[in-house]
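Right, one structure below, let's go through it.
The values are calculated or read from the model by the stated rules, or taken from the named source; none is laboratory data. Computed from a predicted model, the values in this text were never measured in an experiment. Here the Cβ positions follow ideal geometry from the backbone for every residue, glycine too, while neighbour counts run over all protein chains shown. Just so you know, the surface numbers come from the protein's heavy atoms only, side chains and all, with ligands and any DNA or RNA stripped out. Shrake-Rupley method; radii C 1.70, N 1.55, O 1.52, S 1.80 Å.
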Amino acid sequence: MEKLDKYILPFSEINMKDIAVVGGKNASLGEMIQHLKYEGIQIPDGFAITSKAYWDFLDANKIRTKLRDVLNTLDLENFSNLSKISKTAKALFLENQIPLPIQEEIKKVYHNFILKKGDKISLAVRSSATAEDLPHASFAGQQETYLNISGEEDLIEACRKCFASLFTERAIKYRIDNGFDHMNVALSVGVQQMIRADIGCSGVAFSIDPDTGFKDIVLIDGIWGLGENLVQGTVDPDEFILFKSSLRTNKKSILSRKLGKKQKTLIYANNGGLIGETGTLNKVTTKEKQEQFVLNDAELEKLAKWILIIEDHYRCPMDIEWAKDGITNELYIVQARPETVHNIKKDQNIYYRYELLERSQILTSGISLGSKIASGKARILIDPKDGDKLQEGEVLVTDVTNPDWDPIMKKAAAIITNKGGRTSHAAIVAREIGIPAIVGCGDATEKIRDGQEITISCADGKKGMIYKGLLKWEKHSIDTSKIMLPDTEVMMILADPDKAFQYSFLPNNGIGLLRMEFIINNVIQIHPMALVKFNELKDQEAKEKIEKLTRQYSKKEDYFIDLLAQAVGTVAAAFYPKDVIVRMSDFKTNEYANLIGGRQFEPHEGNPMLGFRGASRYYSPLYKEGFKLECEAMKRVRNEMGLTNVKLMIPFCRTPKEGRKVIGLMKEFGLERGEEGLEIYTMIEIPSNIILAEQFAEVFDGFSIGSNDLTQLTLGIDRDSELVSSLFDENDESVKQLIRQVVNSAKNTGTKIGLCGQAPSDSPDFAQFLVNAGIDSISFNPDALIKGINNINEAESHLHKKEMKILENC
């Protein structure tokens, strides 16, 4: 008997060629069971009730024509009667019974399955549309799922309800939006053994960054209990990012861990049954569980390696659901589909940059999706039944969304929710329809007034801001395929790791300056010596803050090391294998003092700009143990994560003797120059660096000119002083002469030399000067990168013409 003629097929007999028979969801499960179980991937067994059962249900009850007639009355312009049409269509299923021959076969297969698996198991009954999970249309979440089903009668009823769910409001609207004929789409039902995630955990994963399309990471989200809370955005999950190259080489691959609130846990109810009736129960997660990650490092890396195997098999980025059995502690893949946003993204070479031109009062903030900006009137809705109140171009503000919101969300200019994470329903839909969203705000429906004019910005990294009023903003498009990198290396200056994946798509030769102090200030927030000497800390308020921030760590110093390694590792992974030059911390004493617990460990200085900063801090008893933490973090990035593209740079090193002292200390702390290719640079920002450049070249592997500090120290100007700021000029001939001198010294000693600063992007003449001087690289802030590239290309063109003219004259 052909597959098309069967009512039921076990997963072991189906694969991706059977989508027309069992739908994408079931076909994918069968594909993985057939091909990937030998790779060690565990997939719960089950069977599919085929599309033939659905069509025979329609014909046996003579409702095919009635269904078509009902759908033909839908208002396709305003969808004013969508709710009525959906109810009428679903009633045609719910008022009729599945034909007895189909029921008998379902019962027979069910009993055989129970005999094989054990009578204590329960089932997940999932809808699988026959056009589902194609690369151009996911159908994800459009039909219903029923969890913790046990007993043949409940299974039959769940199947009937799955058939009816093909005509939910969201499913009808989705098919219309994607050009599917309602009467050409059938519904298969997947019946799968449930994993005891109710007393374990579950989640979703992507083999790509779903916001930027960066392909070299695996994103894993997880919550306690069954996964519906995560998919619907009811809770804020833990989030983990792992680097694929490190996974493939068995290096430490975890780039970041973010603890979610995981407010609720969906568990089995006492009796098996249909969801919303007796099948499941949502309970408040205990504080202990909320403060605990759902997976340990070994489990994360095992799961991520499975995801790589699945992606390699399907040859495209994947969207995956996983679960961990709370009894056996075993991990399982319960679903896999092609990721639908970036798989079909056109104009891959077009990079869009959104820029907010003004600021106002911040109403609230949350997790940003993508990098876009939008503005409009806020429309606060609590129930999708009130969707008619949302007008085209307004911003939808609500507590949480589920698939019932889909027809409404497509009218919105942007979406804001109180709850949810980067893989919640609101996040997924926002990406699919291409609008900005900020989720997990917590208080958006309280802080924003209905009808209020607002601007939402996702352009500042992973923290999205909602501003009062309609602010001015711009959208810039860059066709990277038309940008030619010059011979002079073009690198970036970066501070915020959250933007690394996004900026990696810009044309570049790597990162010329990653500022460690930004990470310490914004991510870590605690003075390193306050962690080392926590017991000696006198500030009680600071102690309480540190206790709260470091509660996940048995040793407080590990908090600093872990977060710094994660942040630097994220940037290094984003640009791997290109160079990423990390400048060790360069706070001044007044800046260090502002960190939590910092005042006790920082001396007061009259002129911190010229005081206890840079290299002189590292070997001082006042900071040496803090510098050790910085080195421990960099050692983890290079040695454990395998990100040997990280180079280190010492700022404000006044003498070669001081440089040797710092290099020796780094060796003592496990960072030996030359080991595993480690290169250590120094900043060229003090005239002594230039006068003794050839001696500094014996100590360091490379130079990076810090044009701001060099200019102020050459001209004797405090660049922060408004009284003399007009005299600050990197184009001053004295500054240029020093730059020429140090470039020549670097050439004489074979030392690589670059410059970090704004001037080459602002001034074509300054770019021309650097190119003529023979600089190896120039680093720009991302917003000045394209202009900087154009200036260098123009400068190199002039230089080549000049050289050609000299040759002709010869």
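Given the residues T234, T168, which is the only one that is more than 28 Å from N81 (Cα to Cα) and of a type in the set (S, T, N, Q)? Let's see the steps before the verdict.
Working: T168 fails: more than 28 Å from N81 (Cα to Cα).
Matching residue, one of T234, T168: T234.
Looking only at segment 406-434, count every residue that is within 26 Å of G203 (Cα to Cα), open to solvent by 30 Å² or more (accessible area, probe 1.4 Å) and part of a loop (DSSP other than H, G, I, E, B) and tell me the total.
The number of residues fulfilling the criteria is 3.
For segment 137-231, which helices (runs of 4 or more DSSP H) that fit wholly inside it have 2 or more residues that are closer than 18 Å to L92 by Cβ? Explain how you work it out, then say what you get.
Values: elements: 152-164, 169-177, 228-231.
Here the list reads 152-164, 169-177.
Within segment 637-668, can you find the residues that are farther than 23 Å from E602 by Cβ, open to solvent by 50 Å² or more (accessible area, probe 1.4 Å) and of a type outside the set (V, I, T)?
Passing the criteria: N639, E640, K657, R660, K667, E668.
Taking segment 390-405 on its own, how many of its residues are open to solvent by 10 Å² or more (accessible area, probe 1.4 Å) and closer than 21 Å to K87 by Cα? Full working, then the answer.
Quick first cut of segment 390-405, residues open to solvent by 10 Å² or more (accessible area, probe 1.4 Å) only: 391-394, 399-400, 402-404.
Add one more test, that the residue is closer than 21 Å to K87 by Cα, and what stays is 402-404.
Summing the residues that are open to solvent by 10 Å² or more (accessible area, probe 1.4 Å) and closer than 21 Å to K87 by Cα in segment 390-405 gives 3.
Looking at N521, N594, N590, N535, which is the one that is touching a Pro at 6+ places or on another chain (Cβ under 7 Å), open to solvent by 10 Å² or more (accessible area, probe 1.4 Å) and farther than 23 Å from N639 by Cα? Outline the logic, then answer.
Details: N521 fails: touching a Pro at 6+ places or on another chain (Cβ under 7 Å); N594 fails: touching a Pro at 6+ places or on another chain (Cβ under 7 Å); N535 fails: touching a Pro at 6+ places or on another chain (Cβ under 7 Å).
Of N521, N594, N590, N535, the one residue that is touching a Pro at 6+ places or on another chain (Cβ under 7 Å), open to solvent by 10 Å² or more (accessible area, probe 1.4 Å) and farther than 23 Å from N639 by Cα is N590.
Select, from I650, I596, the only residue that is out of contact with any Cys (no Cβ under 8 Å at 6 or more places or on another chain), among the β-branched types (V, I, T) and closer than 24 Å to K545 by Cα. Let's see the steps before the verdict.
Details: I650 fails: closer than 24 Å to K545 by Cα.
Every option except I596 fails the conditions.
When residues of segment 102-113 are filtered for being surrounded by fewer than 17 Cβ atoms within 10 Å (Cβ to Cβ) and either among the aliphatic types (A, V, I, L, M) or touching a residue at least 60 places away in the same chain (Cβ under 8 Å) (or both), how many remain? It would help to see each step written out before you state the result.
Taking segment 102-113 as the starting set, the residues that turn out to be surrounded by fewer than 17 Cβ atoms within 10 Å (Cβ to Cβ) are 104-105, 107-108, 111-112.
Still in the running and either among the aliphatic types (A, V, I, L, M) or touching a residue at least 60 places away in the same chain (Cβ under 8 Å) (or both): 105.
Residues meeting the conditions: 1.
Go through S797, S726 for me and flag whichever is assigned to a helix (DSSP H, G or I), among the small types (G, A, S), out of contact with any His (no Cβ under 6 Å at 6 or more places or on another chain) and open to solvent by 80 Å² or more (accessible area, probe 1.4 Å).
S726
Matching residues to (1) modelled with pLDDT of 90 or more; (2) in contact with a Pro (Cβ under 8 Å, 6 or more places away or on another chain); (3) at positive phi:
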position: V125; (1), (2), (3): yes, no, no
position: D133; (1), (2), (3): no, yes, yes
position: Q142; (1), (2), (3): no, yes, no
position: T145; (1), (2), (3): no, no, no
position: K161; (1), (2), (3): yes, no, no
position: R170; (1), (2), (3): no, yes, no
position: D181; (1), (2), (3): no, no, no
position: M194; (1), (2), (3): yes, yes, no
position: V204; (1), (2), (3): yes, no, no
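Among the residues of segment 389-410, how many are in contact with a helix residue (DSSP H, G or I) (Cβ under 9 Å, 6 or more places away or on another chain) and without any contact (Cβ under 8 Å) to a residue 24 or more places away in the chain? If you could, list the steps in order and put the result at the bottom.
Here is the first cut: in segment 389-410, the ones in contact with a helix residue (DSSP H, G or I) (Cβ under 9 Å, 6 or more places away or on another chain) are 390, 396-410.
Then keep just the ones that are without any contact (Cβ under 8 Å) to a residue 24 or more places away in the chain; that gives 390, 396.
Count: 2.
Counting only residues that are over 21 Å from G788 (Cβ atoms) and surrounded by fewer than 22 Cβ atoms within 10 Å (Cβ to Cβ), how many does segment 739-750 have?
Residues meeting the conditions: 6.
So that you can scan it fast, the table gives a plain yes or no per residue for (1) over 19 Å from I156 (Cβ atoms); (2) in contact (Cβ under 8 Å) with a residue 12 or more places away in the chain; (3) polar (S, T, N, Q); (4) open to solvent by less than 70 Å² (accessible area, probe 1.4 Å):
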{"site": "E2", "(1), (2), (3), (4)": "yes, no, no, no"}
{"site": "D5", "(1), (2), (3), (4)": "yes, yes, no, no"}
{"site": "I8", "(1), (2), (3), (4)": "no, yes, no, yes"}
{"site": "I19", "(1), (2), (3), (4)": "yes, yes, no, yes"}
{"site": "Q34", "(1), (2), (3), (4)": "yes, yes, yes, yes"}
{"site": "Y38", "(1), (2), (3), (4)": "yes, no, no, no"}
{"site": "F47", "(1), (2), (3), (4)": "no, yes, no, yes"}
{"site": "D69", "(1), (2), (3), (4)": "yes, no, no, no"}
{"site": "I85", "(1), (2), (3), (4)": "yes, yes, no, yes"}
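I need the full set of residues from segment 173-190 which are crowded, with 19+ Cβ neighbours inside 10 Å and under 32 Å from the mean Cα position of the chain (by Cα), in order please.
Matches in segment 173-190: K173, Y174, R175, G190.
Only residues in segment 470-498 that are touching a residue at least 40 places away in the same chain (Cβ under 8 Å) count as the first member; pair them with residues that are outside any helix (DSSP H, G or I) and aromatic (F, W, Y), Cβ under 6 angstrom, at least 6 apart or cross-chain, and list the lot.
Between residues of segment 470-498 that are touching a residue at least 40 places away in the same chain (Cβ under 8 Å) and residues that are outside any helix (DSSP H, G or I) and aromatic (F, W, Y), the close pairs are K475/Y354; S477/Y352; I478/Y351; T480/Y351.
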